[in-house]
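To start, the structure under review is shown below, and the notes come after it.
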């Protein structure tokens with residue numbers, strides 16, 4: 001197998017593109033980055049997972065077909081529940097990593113809810129939002145809650161998210177599940193109230209502030225934070241990381257001029273963007289710092305994409 005001129009990784013298939021031979025991943029990254037610029041997608045929370053998805057899946061040009069696009073939307077919703085598909089532009093699916101996801105776990109062989117699982121993916125998720133989604137789920141599932149009853153709350157902090165599982169004080173006996181057409185009444189089957197879940201989440205989340213460091217916030221993502229990078233910074237930074245800035249086995253003095261040349265040729269120059277110097281590199285140039293910062297968000301998005309596929 002030959003090496004891609006962009007990322008320098010071996011590939012079975014290489015595509016001739018403006019004087020370079022690119023692997024499918026690099027070709028998809030450049031195409032997606034250009035589409036994001038052309039369609040004025042400016043939200044970093046959409047830019048990062050969209051480019052991560054392109055790097056993993058390649059180009060999906062057939063999404064321009066209406067019927068295939070409908071099928072893709074349905075498949076995506078079933079497979080990638082931690083992501084929101086906000087649209088499809090020029091055949092490119094635009095994604096957003098959700099800050100919080102709620103699942104309803106059901107009794108075996110029944111549609112009756114047994115437990116509600118809240119997955120927190122971003123430390124920017126507000127407690128009021130968690131409580132609101134939890135209460136909405138209770139209402140949709142016809143589950144009652146009682147401020148004075150008991151309940152069952154467990155939590156787990158692993159695999160890059162915080163999971164809170166909420167249930168009633170008592171569960172239905174497996175042999176009686178089939179007798180119910182809807183969730184039963186009674187205080188022993190009540191779920192904990194939203195206010196309790198709100199407070200519980202606040203304590204578990206804690207803080208990443210060095211003065212008040214506590215909880216599990218440090219292990220969560222920072223997407224949906226209020227201050228984000230502009231598209232002019234985020235898009236080239238993501239592309240730079242994929243095409244070579246991620247490979248720290250190559251010295252920066254050799255790596256960065258090559259990355260700049262590839263980035264200029266396949267993204268910045270065709271779009272009329274300000275180009276990077278190709279014969280030298282400046283250590284404090286913002287693109288290298290930006291690439292390092294977005295790398296953590298790209299890898300987090302890749303991780304959740306990978307988890308969804310297994």
Quick one: angle between helix 24-38 and the longest Cα principal axis of the chain, in degrees between 0 and 90, rounded to 10, please. 80
Which ordering of 173, 266, 17 is given by a fewest-first count of other beta-carbon atoms within 10 Å? 173, 17, 266
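Suppose the chain between residue 299 and residue 208 were pulled fully straight at 0.36 nm per residue; how much longer would it get relative to their current alpha carbon spacing? Kindly include the intermediate steps, with their values, before the conclusion.
Numbers: separation 91, 0.36 × 91 = 32.76 nm, distance 2.02 nm.
Gain on extension, residue 299 to residue 208, equals 30.7 nm.
So between residue 158 and residue 180, what do we pick up on full extension, going 0.36 nm a residue minus the alpha carbon distance? Display every interim value, and only then the final one.
Numbers: separation 22, 0.36 × 22 = 7.92 nm, distance 3.49 nm.
Answer, rounded to one decimal: 4.4 nm.
List the equivalent ellipsoid semi-axes of segment 208-310 in whole Å, largest first, each obtained as the square root of 5λ for an eigenvalue λ of the Cα gyration tensor.
On the way: eigenvalues 161, 53, 43 Å².
The three semi-axes for segment 208-310 are 28, 16, 15 Å.
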With N residues in the chain, Rg(alpha-carbon) / (2.2 N^0.38 Å) equals 1.19
If you consider only alpha-carbon coordinates, what radius of gyration and Dmax does segment 151-237 have, in Å? 19.6, 60
Between 0 and 90°, nearest 10: helix 252-263 axis offset from the chain longest Cα axis: 90
When the chain is fully extended, how far beyond the present Cα-Cα distance does residue 195 get from residue 106, taking 0.36 nm per residue of separation? 29.7 nm
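For segment 100-219, take the convex hull of the Cα atoms, compute a quarter of its surface area, and give me that in nm², please. Display every interim value, and only then the final one.
Working: hull surface 30.5 nm².
The number I arrive at for segment 100-219 is 7.6 nm².
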Among 303, 183, which comes first, second and so on when ranked by fewest other beta-carbon atoms within 10 Å? 303, 183
Euclidean distance between Cα centres, segment 6-30 to segment 91-120, Å: 36
Degrees separating the helix 231-240 axis from the principal Cα axis of the chain, which is the longest one: 80
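How would you classify segment 70-152 from its alpha-carbon gyration tensor, with a ≥ b ≥ c the square roots of the eigenvalues: rounded for a/c under 1.5, else prolate if a/b is greater than b/c, otherwise oblate? Mind showing how you got there, number by number?
Working: a/c = 3.04, a/b = 1.69, b/c = 1.80.
Oblate, since a/c reaches 1.5 and b/c is not below a/b.
Every number in this text was worked out from the coordinates using simple rules, so none of it is lab data. Computed from a prediction, not measured in an experiment: that's the story for all the values here. In this analysis, Cβ positions are derived from the backbone assuming ideal geometry, glycine residues included, and neighbour counts consider all displayed protein chains.
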